[in-house]
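Undergrad: This structure is in structure tokens; I'll ask about it shortly.
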Amino acid sequence: MDTMSFIPAYQPLPFPLPVWLMQILLILGFFLHALPMNVMLGGGFICAALFLAGKHDQTSNAFRAARALAMSLPLFISFAITQGIVPLLFVQLLYGPMFYTSSILMAVPWLTVIPLVLASYYISYIVIYRILLKEHNAGTATKSAILLTIMGVMLAVVGFFFSNIMTLMLTPDKWVAMYQHSSHGLNLNLHEGQLIPRYTHFVVAAFAVAGMTLGCFGLYMLKREEQFGQWMIRLGSKIFLYSTIVQIPVGLWFLFSLPQQMSSKFLGGDIIATAVFGTSMALALVCILATTISSNTASKPAFLAGLIGNALLILAMIVNRHLLRLFYLNPHIQPESMPVATQWDLFIIFLVSTVALIAYLVWLCRLVWTAFQKKAPDATAMKQAGAPAAPVN
């Protein structure tokens, strides 16, 4: 059967912006979404591990770092959800015929994303207000670790469903067989060769970004409590470093899981794709070198170099991801052929609203962090109050 015969047409309305501009907004929007998204996924598991490591001493660095990261998770989840609207909007505009069909074929798991995210969001608040701000006993860390692990697993399932739909929209030749298998939306794209390596690639990246976030907390604490700040910088750098080293074979696995005609474009077959891929590898090397230094010395300049390099690396990887989507979809749909009726007034409103939202979220983060600093028990005060003393982790 001809694949083109069952790919739906675009909506009859013209695009509100030029295709090139919507593609840029899609990339930048996903970049703003990917940063907090990675923190909320990797951060939950890292928090759980740190709570367990410091469960016998609530004045230990491990427990205090876990508490600080746990207190911030609701903000990162909120940021990820609100910033996720932008890339999802432009994916639907640019590649709607592919995206909507894929979402219908796997409607049940796709709709399950909403309750999973809401439940995860709720758990993050339970940890804060039902445990961390009320209880101060040996069970606090264990309860928090269990709940955060559950939260992390649910968010990992959400990511798996997203990977399914984003790969399914690339391969319309599978749609008929999948519909014949289940016409009730009970499908997953499990037979796609790139699914597991692609998903693993993003999960490992989540731990790396969450590690850098922990290091950022350390930067904030340097002037207030130098030893604790340096400890978080070293730990965050190590988490990032080890995750990035693991990412190298995982990334190669992802690359070579693609069809040969696709992977070859990143290895010399396409000038732009090869240049972006080469830039990604160079940035990864810079990040590894910088975080190797900061993981041993807690050097602020080295950590900042790794932090900036990591942000640029994520952006380059998102461009790689977008180029891969274009290589897959160009034979099937051409959004460039659609008429355009540019609505600059609505575009300006969109930009102003986006900037205002980001400014608000930054202000909210500072407000919550300040409140946390006021309520967080000081390590010395806790020891004087009778908390059990133990070696610093």
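Undergrad: Can you tell me which of Val250, Val246, Val276 is closer than 30 Å to Asn61 by Cα and of a type in the set (A, V, I, L, M, F, W, C)?
TA: None of the others qualify; the one that does is Val246.
Undergrad: Does region 89-106 include one or more residues that are over 30 Å from Pro18 (Cα atoms) and in contact (Cβ under 8 Å) with a residue 60 or more places away in the chain?
TA: yes
Undergrad: Still on this model: Could you grab me the full set of residues in region 268-296 that are surrounded by fewer than 17 Cβ atoms within 10 Å (Cβ to Cβ) and touching a Lys or Arg at 6+ places or on another chain (Cβ under 8 Å)?
TA: Within region 268-296, Thr274, Asn296 meet the criteria.
Undergrad: Of all residues in region 339-355, which are assigned to a helix (DSSP H, G or I), out of contact with any Leu (no Cβ under 7 Å at 6 or more places or on another chain) and either under 30 Å from Phe6 (Cβ atoms) or touching a residue at least 12 places away in the same chain (Cβ under 8 Å) (or both)?
TA: Across region 339-355, the qualifying residues are Leu346, Thr354.
Undergrad: Keeping to region 232-267, report how many residues are crowded, with 19+ Cβ neighbours inside 10 Å and in contact with a Lys or Arg (Cβ under 8 Å, 6 or more places away or on another chain).
TA: 2
Undergrad: May I pose another question? Please work out which one of (1) part of a helix (DSSP H, G or I); (2) more than 21 Å from Gly44 (Cα to Cα) is the condition Gly269 fails and give its number.
TA: Going through the list (1) part of a helix (DSSP H, G or I); (2) more than 21 Å from Gly44 (Cα to Cα), Gly269 breaks only (1).
Undergrad: Is it the case that region 55-69 has a residue that's within 30 Å of Trp231 (Cβ to Cβ), of a type in the set (A, V, I, L, M), crowded, with 23+ Cβ neighbours inside 10 Å and free of Cβ contacts under 8 Å to residues at least 40 places away in the same chain?
TA: Checking region 55-69: not a single residue is within 30 Å of Trp231 (Cβ to Cβ), of a type in the set (A, V, I, L, M), crowded, with 23+ Cβ neighbours inside 10 Å and free of Cβ contacts under 8 Å to residues at least 40 places away in the same chain.
Undergrad: Could you list, in sequence order, all residues of region 127-139 that are modelled with pLDDT under 85 and either aliphatic (A, V, I, L, M) or under 17 Å from Ala49 (Cα atoms) (or both)?
TA: Leu133, Ala138, Gly139
Undergrad: Which residue pairs have Cβ atoms closer than 8 Å, lie 6 or more positions apart in sequence or on different chains, and pair a first residue in region 6-20 that is modelled with pLDDT under 90 with a second residue that is exposed (fewer than 15 other Cβ atoms within 10 Å of the Cβ)?
TA: Pairs that qualify, where the first residue is modelled with pLDDT under 90 and the partner is exposed (fewer than 15 other Cβ atoms within 10 Å of the Cβ), are Phe6/Val176; Pro8/Tyr100.
Undergrad: Search region 1-30 for residues being of a type in the set (Phe, Trp, Tyr) and buried (at least 18 other Cβ atoms within 10 Å of the Cβ), and hand back the single one that is nearest to Ala208 (Cα to Cα).
TA: It comes out as Phe30.
Undergrad: So which pairs qualify, if the first residue must be in region 314-338 and more than 15 Å from Phe90 (Cβ to Cβ) and in contact (Cβ under 8 Å) with a residue 12 or more places away in the chain, the second must be among the aliphatic types (A, V, I, L, M) and outside any helix (DSSP H, G or I), the Cβ gap must be under 7 Å, and the two must be at least 6 apart or on different chains?
TA: Tyr328/Leu170; His332/Ile7
Undergrad: A follow-up question, please. Tell me whether region 333-356 contains one or more residues that are out of contact with any strand residue (DSSP E or B) (no Cβ under 7 Å at 6 or more places or on another chain), more than 23 Å from Leu32 (Cβ to Cβ) and buried (at least 16 other Cβ atoms within 10 Å of the Cβ).
TA: Taking every residue of region 333-356 in turn, at least one turns out to be out of contact with any strand residue (DSSP E or B) (no Cβ under 7 Å at 6 or more places or on another chain), more than 23 Å from Leu32 (Cβ to Cβ) and buried (at least 16 other Cβ atoms within 10 Å of the Cβ).
Undergrad: Scan region 211-234 and report the pairs whose first residue is farther than 17 Å from Gly43 by Cα and whose second residue is surrounded by 19 or more Cβ atoms within 10 Å (Cβ to Cβ) and of a type in the set (Lys, Arg), with Cβ atoms within less than 9 Å and a gap of 6+ or a chain change.
TA: Final answer for the pair search is Phe228/Arg64.
Undergrad: Additional query: With the requirement that a residue be farther than 29 Å from Phe266 by Cα and assigned to a helix (DSSP H, G or I), what does region 280-303 give you?
TA: Ile293, Ser294, Ser295, Asn296, Thr297, Lys300, Pro301, Ala302, Phe303, listed by residue number.
The values are calculated or read from the model by the stated rules, or taken from the named source; none is laboratory data. All values reported here derive from a predicted model rather than from experimental measurement. Note that each Cβ is placed from the backbone with ideal geometry, even for glycine, and that neighbours are counted across all protein chains shown.
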